[in-house]
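Peer 1: Just dropping this structure here.
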Amino acid sequence: MYELIGVAEEMAYDLLLERPGATLAELATMWSGPGRLSVALARLEGAGLVGVEPGTPARYTATGTDTVSSLLHEREASLDRAQDHVLRLADVYRAARSGVDQHVVEVVRGRRAVEQAITQVQRSARRELCCLDKPPYIHLDGTAATDRELLAAGVQSRCIYDRTAVEEKGRLPAIEELIRAGQQARVSPDLPIKMYLAYDQRAILPLQPGPTGQESAIIVRPSALLDALHTLFDSLWQRAVPLHLPASRSGAEGRNRATGIDDGRLVVMLLSGLTDEAIARQIGVGYRTVQRRIAALMDDLGARTRFQAGVQAAFRQRRGLEPPGEARGGLPG
């Protein structure tokens, strides 16, 4: 019924909630979302979430809060359809074990065999490597090194990280290193599977260890099933939140003077949906210090939610403005 609303449209809608009646030119000065703002506004208008006031220039206002519920239901239905693709894997796996369609699907077992198969799938990528990344890991250092080699060779990389992956202590700096190397990264609250997918070549899906603890994985070769995995990835990519690098300030310059928190990294983690506890672990400060800093950001920005605070703080950083609270000498520790 309604066209699927993605991350750009959500960010544009949040912006309109803060700036009702603004023109496109006024909104563009605060826009840092993916794609063109005019396209996002047009999609919101088509979905009934934005009203355009008559006159020149046109002014936009967020409307239709009841429509949001309908859109959420549709997005949930879209994810259900994507997850149906995953359920088909179980049928294919059972068929493979019975000797049917073995040219499409191969099952590998054993830690070393799975590690080698992951590397082979990565290195088979010629145009693009797509990844769904979530714990537990069996070959983390090796896959990251191969990712960097492929990026250096000009292979595009898109990766969706499960929120639990970003929450792991020390994991965020490693992800940021890949983003600096050219990887496009997004975060999702609950990925259904782990996967490496080499465009038009093959995919590998590491499985959870079975009752014996043995590692195993499914390799999928070019087929309708591989096409379905592409569809699954693209659907999840549209729903995920972009994971950007913090503002390019170094050392003490990038830290809030009163709390010692790197505000650029804090904004990244707010946009990623991490909990206060996870943020505290990643930054290396106390839980209550993080709570106070987030509360102060929301108050300074007039944000109603943590996500809105992250979006608006990101706008300020990209426009070269001081972080909220800095101009007044920081926050009480």
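Peer 1: Test of understanding: extend the Cα→C-beta vector of Thr63 to 7 Å, then name every residue of region 25-51 with backbone N under 17 Å from that spot.
Peer 2: The answer is 41-51.
Peer 1: In whole Hz and in residue order, list the ³J(HN,Hα) couplings for region 119-128 that follow from phi through the Karplus curve 6.51 cos²θ - 1.76 cosθ + 1.60, θ = phi - 60°; x for Gly and Pro.
Peer 2: Residue by residue, region 119-128 yields 4, 5, 5, 4, 6, 7, 5, 10, 10, 8 Hz.
Peer 1: Turning to a different aspect of this structure: Per 0.36 nm of contour for each residue apart, how much would the distance between His103 and Tyr137 grow if the chain were fully extended, relative to their Cα-Cα spacing?
Peer 2: The His103-Tyr137 span can extend by a further 9.5 nm.
Peer 1: Further question: Points 7 angstrom from Cα along the Cβ direction at Arg111 and Asp190: gap in nanometres?
Peer 2: The answer from the label model is 3.1 nm.
Peer 1: Shifting gears a bit: Run the accessible area of region 1-56 with a 1.4 Å probe and give the carbon-and-sulfur part as a rounded percent.
Peer 2: Carbon and sulfur: 57 percent of the exposed surface of region 1-56.
Peer 1: With r as the distance between the Cβ atoms of His230 and Glu53 and R0 = 56 Å, compute the FRET efficiency 1/(1 + (r/R0)^6) and round to 0.05. Spell out each step's value before the answer.
Peer 2: Numbers: r = 41 Å, r/R0 = 0.74.
Given R0 = 56 Å and the Cβ-Cβ separation, E is 0.85.
Peer 1: Hey, can you rank 203-209, 23-29 by average C-beta count inside 10 Å, highest first?
Peer 2: On the way: 203-209: 18.7, 23-29: 13.1.
Put in order of decreasing packing, that is 203-209, 23-29.
The values are calculated or read from the model by the stated rules, or taken from the named source; none is laboratory data. Predicted model, so just to flag it, every value in this text is computed and none were measured. Counting neighbours? That spans all protein chains shown, and the Cβs are built from the backbone with ideal geometry, glycine included. With ligands, DNA and RNA removed, areas are computed over all heavy atoms of the protein, side chains included. Shrake-Rupley method; radii C 1.70, N 1.55, O 1.52, S 1.80 Å.
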